Amino acid sequence: MRKIVLFFAVIAISAIAVTFTSCSNDLNLAEEESAVDLNLAEEESAVVVTGAFRALGAPPCLDLSCLNICRDVQEVRLLAGQNHEAGSVYVVNNSENLYVAYETTGDWKIKAIHLYVGACDMLPVNKAGNLVPGQFPFKAVFNELQTLHYFEIPLDSLPEGCLCIAAHAEVVRVVDGEIVQSETAFGEGEKVGKNWFMKFDYCIAVCEDEPPVEVCYQDETAWVAGTRYVTQGNWATYTPYVANATVDIFAGQTYLVGTAHFSEVVDGKVTITLVALNGARLQDVAESVKIQGYNAPPSGNPAPGQFTTYKGNETTITVDAFAYYGIHLDAQRVVDCPEE
């Protein structure tokens, strides 16, 4: 499984509406589009949130071990067009939330997701008894194809015991940058109605009370990686701006504590998104993030307290476009706790 990934703050990945297409082996296109019944005009918010849940991008850790789960992860195949294995759907819960994650493999990518989790007798179906994904309560649509997305659903919003899950996705197969196949996909399970659309069962596990795990931190100065301001002494670094680039963040010069992602320039602005790795977090101080933009490579020891492009505590920051950025963080990295 992948390395544990934690965000500096509340995790939120934008899901913006795109054109939705579908294709199936057992259902004609017109019928299937009617069944999905998407209304994209209603899904143009920055984050699609329907009901008491959060739709998130990459989970904090793919095996969800960092979420104190109560049971083994349940996995079913994500079947595209009924016959193509496009990835997997993972389901698990802890004492507070249920997590449903979609992950595609190979050439398959995700365009949109519709998810039902709840009582089996409340599955959204039409008069013919077929599932209607457009009426599923949890949904996310993307303007960029995804390979991983998950939902966090509070248990207190769900019935107790065993549930029905209908995990629908619109997927495409991309070869050499071109979409060569579009399919409707479902998490493998029992067919519902007259077509091949499926649902599967999941029983919520009851968690035993466990003592909280102690985590210890050490304060560090952190910089986004790049070229050193000075060749000797201060190890502070600045980085050149590259659209859609992701750059490592180091604390104490050698400890990898996160990444910074730079967006494309839009109306003279760049959005910088800070994400933490290895359990790191920002210090609880007034201005833990300080950014200075430069039109030319800087020289001399930097003075973060005098940075003017941005100072604050946000982890998604929109600033003026520059050729270079110095990004200083007051961070905390995870260390071994002292023995008592």
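A compact table of results
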item	result
The range 216-230 and the range 146-203: distance between their alpha carbon centers, rounded to Å	41
Cα-projected label distance for T308 with D219, points at 7 Å along beta-carbon direction, nm	2.8
Contour minus Cα-Cα distance for V319 and N83 (0.36 nm per residue)	80.2 nm
Pairwise label distance in nanometres, A286 with K269, each label 7 Å out on the Cα-Cβ vector	2.6
Burial ranking of peptide ranges 211-218, 272-279 (average Cβ count within 10 Å, highest at the top)	272-279, 211-218
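Here, each number is a calculation from the coordinates, and none is a lab measurement. This structure is a prediction, so every number in the text was calculated from the model and none was measured. Don't worry about glycine lacking a Cβ; one is built from the backbone with ideal geometry, like all the others, and counts go over all protein chains shown.
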